[in-house]
Structures are given as structure tokens and as C-alpha cells.
Amino acid sequence: MGVAEKIKEIEDEMKRTQKNKATEYHLGLLKGKLARLRAQLLEPGPGEKSGGAGSGFDVSKSGDARIALVGFPSVGKSTLLSKITKTKAAVAAYAFTTLTAIPGVMEYGGAEIQILDLPGIIEGAAEGKGRGRQVISAAKTSDLIMMVLDATKKAEQRALLEKELEAVGIRLNKSPPNIYLKVKKTGGMKITFMSPPKNLDEKMIYNILRDYKILNCEVLVRDENCTVDDFIDVIMAAHRKYIRCLYVYNKIDCVSLSFLDQLAKEPHTAVMSCELDLGVTDVVDRAWEELNLLRIYTKRKGIAPDFSEALIVRQNSTIEDVCDAIHRSLKDKFKYALVWGASARHIPQRVGLSHLVADEDVVSIVSK
């Protein structure tokens, strides 16, 4: 029996099993087996590179961040790519126009963001249907997933796409579970709860660990809201990716104003009509917000800063990170930095390496 058949068998058994106190341990073990098999399904096949499962379509990652456009066929991904980058992707009113990953570059305030238009996901992509495995592998390498949806088919499309991405270990707009797990060589299992969860107990953890052949370890569950699925995610950490997602609803010209207002108020959501060129700029602005990147401008003594070029660093970056972005040896000669902008208490503020920078700060590094 192949991996896909085993997955189907376990899914069918889970559907047949009634959920109650007597069956929760059995269902927990089935979830663990399912997670292992799904990870196995995404491993490289015969003749593929060892990194095949993570390399997607072998499009080199470039720029300051990568956004993956994910969606069903004919929802407007290629049109959106053409509008926000200089890339002219094939656009047509029929399914599967995009047959491979098409990269483009979006410029935003001095930052260069790589946009990857992926072939339309179809139901069953997690099991390898269509080009599902390559699409999902490429999506895993992104800093943000932009899920492009047809506003007239909101519920069905979003639920199916989330299910496909969830099945292969992509967790959208979530943080890793607050559970500590350290595998050891000896000593047996030590399981501790800071606050006992409602849906996860010591017996469940013990059974799942044994099923994964983890017999010696330390477990600390810090959050009372942790579930069986969260604990399996911690065990399968190497196969899990936590990625921010922006839900982009296209074809808003085809829905009522009341429904549009309801859509626009949902979290992590932007609305647009590619055909009428409505809201596309707002989508770009929201994507930048979701990426949580900071633009830092550098200044030399006696010279005005160049606002046409920015250093791009992550949220919660420090002056030390700015030094690394300029040149890794710079912090070795670092004396102090002068900062102008939102992070400075006064203008300019003299700071050290641990100072947290803010978006559009101007920084001047003074060396020894």
C-alpha cells in the first residue's frame, strides 16, 4: 500500500470514529500517524534532488523578501503580478494559464520584494495532484503567502486552500505552540504542565511520544490552550512552517456592497478588482505591513542621507543588525551610532548596538 493510500485509510478511520472521551487517545495517535505520512509524501521522489521537497520550482530567492501568490486557477494571480511588478505573465480567462512559477519584483520604498506567481492549486494538492507538491514547496520558502480568492466563492475556496496548506505543515498567521520538547538519550520521559490544558493530558502525550519512538525526553507545556495537534506540530517541527498570510479577495465588483464591507473588515484581508484596477495599491500597502520589514536609511558625516536606497531589516532589529546588513565586520569597529527618526528620544540620539530601530530611521555609524 502506497503512502497516499495509507493517508486515505487513516482519514476514513478518523471520519468513522465518534469523538468522545473513550476515543480521544485513539484519535490522537491517528493524528500523529497522519502527520508522519504527510511529511513522508513531500519527501523527494526517485531521481529528484535531496532538497527537492523544499526547492519548489528552483526559483532562486532574491530581493529583501519573497511573497508567494497562492490560489485556485483563474482567480487573478497572473493579472495581479502584471500590475504590481514589471513582469508580464500569461493571462487568460481559462484554468491553468500558469504552468510553472513566474517570478517578478515589486519595488516598495526602496525595498525589492520578490513575487512568485505559483500555478493554481487544485483540491488534493497535498497528495501531489496537479503540481501540488512543487507549489506547496515553493510556498514554504516565502516570507508571506498572498492567498488570492474569488470574492464570489469566498467560503469554499478559502476553506479548501487552508486545508491543503495545513495538511503539509504550513501554519497561517499562527505562532509555534508554547511547548518545550528536548529529546535525550536516557532518563525516560519527564512531562510537566505549567497550566494543565483542557484537551491535552499526560497520558495523551506519553502515547504520542511512544508512537514516535521518543522514549527519553523532557516536555514542558506552558499554555493551557495547547491541543493534541499543537503537540504533534512540536514533534514535527522540522516539517512545520509558520507563515503570515494576507487574504486577497478579487472580483469585488461582482459582490454586494454589504458583503464587500464585511470582507474588508476581516483580519489579514485586502479587497480589490484587478479588472477595474480597484484597490490594487491598497493590496501592496497591506502586503508590506504583513511582511513586518523596516526601511533604514544610512548617513555619512556631513552628507545628506540617500532616501532612494534603503537597508531592509526585520521587525525588532537593532543597530547591530543594521551593522551586519552593511558589512559583518562593521560592528567590530563600532563606537556608537546617531539615530534620527521614530526610535530616537531626541534628534539625533546617540545609541549603542542594542538600540531597537524603527521604520524609516536614519542611522549614522561612527567607527573607532
- Message: Could you check the stretch 217-229 and list, in sequence order, the residues that are in a helix (DSSP H, G or I) and either buried (at least 20 other Cβ atoms within 10 Å of the Cβ) or not assigned by TED's automatic domain parsing to the domain that holds Lys33 (or both)?
- Response: Val228
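Would you check if there is a residue in the stretch 11-27 being touching a residue at least 12 places away in the same chain (Cβ under 8 Å) and assigned to a loop (DSSP other than H, G, I, E, B)?
The answer is yes; a qualifying residue exists.
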- Any hit, the stretch 268-278, residues being more than 21 Å from Thr85 (Cβ to Cβ), in the same structural domain as Val148 (by TED's automatic domain parsing) and in a strand (DSSP E or B): yes
- Note on the structure: Being assigned by TED's automatic domain parsing to the domain that holds His26, charged (D, E, K, R) and assigned to a strand (DSSP E or B) narrows Lys190, Lys198, Lys185, Lys203 down to just Lys190
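Are any residues in the stretch 238-250 modelled with pLDDT under 95 and surrounded by 14 or more Cβ atoms within 10 Å (Cβ to Cβ), and if so, which ones?
Matches in the stretch 238-250: His239, Arg240, Lys241.
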- Query: In this structure, is Thr152 part of a helix (DSSP H, G or I), of a type in the set (Val, Ile, Thr) and modelled with pLDDT of 90 or more?
  - Reply: yes
- Task: Might you let me know whether the stretch 330-338 holds any residue that is buried (at least 18 other Cβ atoms within 10 Å of the Cβ) and part of a helix (DSSP H, G or I)?
- Result: no
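The values are calculated or read from the model by the stated rules, or taken from the named source; none is laboratory data. As the structure is a prediction and not an experimental result, all values here were calculated from the model. For neighbour counting, all protein chains shown are included, and Cβ atoms are generated from backbone atoms with ideal geometry for every residue, glycine included.
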